[in-house]
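Asker: Take this structure first; my questions come after.
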Amino acid sequence: MSLTCRNELYGLEDETADRRTDFMNMKEAKMDIRNTIEIYLKKDEFGDYRIPLVRQRPIFLLGAPGIGKTAVVEQIAQELHLALVSYSMTHHTRQSALGLPFIQQKSYGGVTYDVSEYTMSEIIASVYDTMEESGIREGILFLDEINCVSETLAPAMLQFLQYKVFGRHRVPEGWVIVTAGNPPMYNKSVREFDIVTMDRLKVMEVEPDFSVWKEYAMERGIHSAIVSFLELKKEYFYHIETTGKGRSYVTARGWEDLSQIILLYEENGLKVDEALAGQYLRNEEIVREFCAYYDLYQKYKNDYQVKEILNGNISQTALLKAQAADFDERLSLLGMLLEQVQNGMREAVLTGEYLQELTPLLRSLKQAPDVPQRLGQLVEAREKLLHNLEAANTLSGVEKTKHRRIIQFLLQAQKTARIAGDGKRISNAVHPEKQESAFDAVKEKFDDEVAGLRKSAADMDGQMSHLFAFVEAAFGQGNEMLILVTELTVNQYSARYLAQYGCEPYRRYSEVLMLSERQNRMREELQKLELQ
C-alpha cells in the first residue's frame, strides 16, 4: 500500500506523507506486542515488576477491520501461556464498565455518613474470575473497539488508560492491557482520541499485507484455491471501495471464513457458488472472479489427478498438459500438490508431538502397583489441565486437539489394562500363545501408534520423491521448482517435518537453487563493477 493510499485510509493530510513511516504489518505488530508484554512482565530480585502497572502504557492496535488484530492477541496469549480476557467496548455502558452504585455507611471523626460505593466492574471481575478458575495469575486484558465507547463512558476510559482503574477497582498486577480500534473511515461510531488520551497509549498502526497473511494461511490450512487465487490477484486480498450500491469490502477475515465453509461444503458434497462466496466477500466483481477461478481449480484437480501424481502414477497426458500450461495454471497445480503433502506433514508433526508428550506419562506406569488406577489419575490430571487452559482462554485449537488425543488414549489404555485385572495376565493380541501384563498391553497399544507414524513418514517420503520428480519432468529447475522449495521451507509444519525426518530430493534441490541464487548475486555484484 502506497503512502498516498495510507493517507487516504487514515484521513491524513498529503503534506504528512513523507513522515508516515510507522505503519506495520501484522507480523511486525505481533512481534512488537509480544516483546512489550514480556518486558512489562519482567520482575526484579524482590519479585516486583520492573515497570509498575501505572507506568505500563496500554497497547493500542489501530487498523482496518478484519486484518487479524484479535487473532494476533490470542496467538500471543497462547505462545506466552498467559490468560486472556476479551471484551468489545461497544457492548458496555457506564454501569457495566464501572460497576453499579450503592450506599454504604462510614464513620469519619465519630460521625456516620452515607457514602456512594460501586460494585466491581464486570470487566475487572472477569479478570479475577479467570485467575481463580484457571490458576494462571498473569494475562492479557484485551479491549476491542476502544475508540467506540459511548460519550458517558469516555471520561472513565481516560482514567482507565492512565491508572488501570474501572470505578474503584484496579486491574490486578501481572495483567497487560492491549486495546484495538478502527480508523474513523470504517466505523461511524469512532470517537477520535485527543492528544491527552493518545499520550497514554503505546500506538501501533497496522495495515493489510498479503505476504504476511499467506504464512498464517498456510499454517491454518486455508483452502489452497483461495491462496492460489490471491497469489495471482494480490489486490483482492483486502479491498474496500464505495460504489453506487454503497460500501463494498473484502477482508482477510472474510477470506478465512469463506475457506472454512468451502472445506465443509466440499466434505459434504455441496456446491460452492457465487451466492455462497457473496456472503463472505462483499464485492460482486471479486466474487465472480474467485468463483470462476474456483471452478477452474476444480477442473485442474480432476484433469491432473493430484493423488495419482503423488503416488507415482504420472500419466503422460498430465505431464504434457503441465508442460503446455501457462504460469497461472502451473501455480494452481503447485498449490494443489503442496496442499496435499503439507496436510500430511502437518498431521505427522502433530502426531509426533502427541506421542512425545504421551511417552513420559506411560513410563510412569512401569512401576505403578495398579496400572488402571494410575491411568485414571493421569486422565484426571490431564482433564484438569485442559479445563484450566480453556478457562484462561489460552488454548489454541491444535493444543486442544493434542490434549484430547492424550485423554482418549489414556482412557482406552485404562480399559485395556482393566482386562488384565489386578496382577493377572492377558493374551497378546498378535501372538495369543504369549501372555502379557497390563503394562505390556498398554505398551503394545502405544507401539502400534508409533508404527503408524513411521508408516505415515515412509508414505510421505515416497510422495515427496514423486512430487519433485513430476515438477522436474514438467518444468525443469525453473521458477516452479523454486516456488516448491520455498513454500516447503517457509511453511511451519513442512519445515518442522523436513527438519525432523529429512527428504533427499528437497535437500538436493534446495542446495542447487541456493547455489544458483548465490551465483546470481555474485554476477549482479560483478556487473556493478563494470565500466559503462
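Here, each number is a calculation from the coordinates, and none is a lab measurement. These numbers were taken from a predicted model, which means no experiment stands behind them. Note that each Cβ is placed from the backbone with ideal geometry, even for glycine, and that neighbours are counted across all protein chains shown.
Asker: Rounded, prolate or oblate: pick one for segment 330-428, where a ≥ b ≥ c are the square roots of the eigenvalues of its C-alpha gyration tensor, a/c under 1.5 means rounded, and failing that, prolate if a/b is larger than b/c, else oblate. Each step should come with its number before you reach the end.
Answerer: On the way: a/c = 3.68, a/b = 1.83, b/c = 2.01.
Judged from the Cα gyration tensor, segment 330-428 comes out oblate (a/c at least 1.5, b/c at or above a/b).
Asker: Mind listing the long-range amide H neighbours of S88? Cut-off is under 5 Å, sequence gap 5 or more, other chains count too, H placed in the peptide plane at 1.01 Å from N.
Answerer: Under 5 Å from the amide H of S88: D144.
Asker: Another one. Could you order the peptides 124-130, 80-86 from most to least packed, using the average number of other C-beta atoms within 10 Å per residue? Working shown, then result.
Answerer: Values: 124-130: 17.7, 80-86: 19.4.
Packing proxy ranking, top to bottom: 80-86, 124-130.
Asker: Suppose R0 equals 45 Å; then what is the FRET efficiency for R247 and E357 from their Cβ-Cβ distance, rounded to the nearest 0.05? All intermediate terms of the calculation are to be shown ahead of the outcome.
Answerer: Values: r = 48 Å, r/R0 = 1.06.
After rounding to 0.05, the efficiency reads 0.40.
Asker: Turning to a different aspect of this structure: FRET efficiency for K106 and E511, Cβ-Cβ distance as r, R0 = 60 Å, nearest 0.05? Write down the numbers at each step before the final one.
Answerer: Details: r = 78 Å, r/R0 = 1.30.
The formula returns an efficiency of 0.15 here.
Asker: Exceeding 26 Å between C-alpha atoms, which entries from my cross-link table qualify? They are K43/K202; K366/K415; K30/K214; K202/K245.
Answerer: Values: K43/K202 21 Å; K366/K415 17 Å; K30/K214 15 Å; K202/K245 38 Å.
As for pairs spanning more than 26 Å Cα to Cα, those are K202/K245.
Asker: Of K69/K164; K233/K271; K42/K188, which sit over 31 Å apart, Cα to Cα? Provide the component values of the computation, followed by the final result.
Answerer: Numbers: K69/K164 22 Å; K233/K271 23 Å; K42/K188 39 Å.
Check vs 31 Å cut-off fails for K42/K188.
Asker: Can you report the principal axis dimensions of the chain using only the alpha carbons, biggest first, rounded to whole angstrom?
Answerer: Between the extreme Cα coordinates on each principal axis of the chain lie 94, 85, 55 Å.
Asker: May I pose another question? Only Cα pairs under 8 Å and at least 6 apart count here; give the relative contact order of the chain as a rounded whole percent.
Answerer: Working: 634 pairs, mean separation 77.2, N = 532.
The normalised contact order for the chain reaches 15 percent.
Asker: For a quick protection proxy, order the peptides 195-202, 465-472, 158-165 by their average other-Cβ count within 10 Å, most packed first.
Answerer: Details: 195-202: 13.9, 465-472: 19.5, 158-165: 18.0.
The packing order, highest mean first, is 465-472, 158-165, 195-202.
Asker: With a cap of 12 neighbouring Cβ atoms within 10 Å, and only residues DSSP puts in a loop, list the trypsin sites (Lys or Arg not before Pro) found in segment 243-301.
Answerer: On the way: sites: K245, R247, R253, K271, R282, R288, K299, K301; in loops: K245, K271.
Hits after loop and neighbour filter: K245, K271.
Asker: I would also like to ask the following. Share of antiparallel DSSP beta bridges in the chain, in percent to the nearest 5?
Answerer: Working: 19 of 41 bridges.
The answer is about 45 percent antiparallel.
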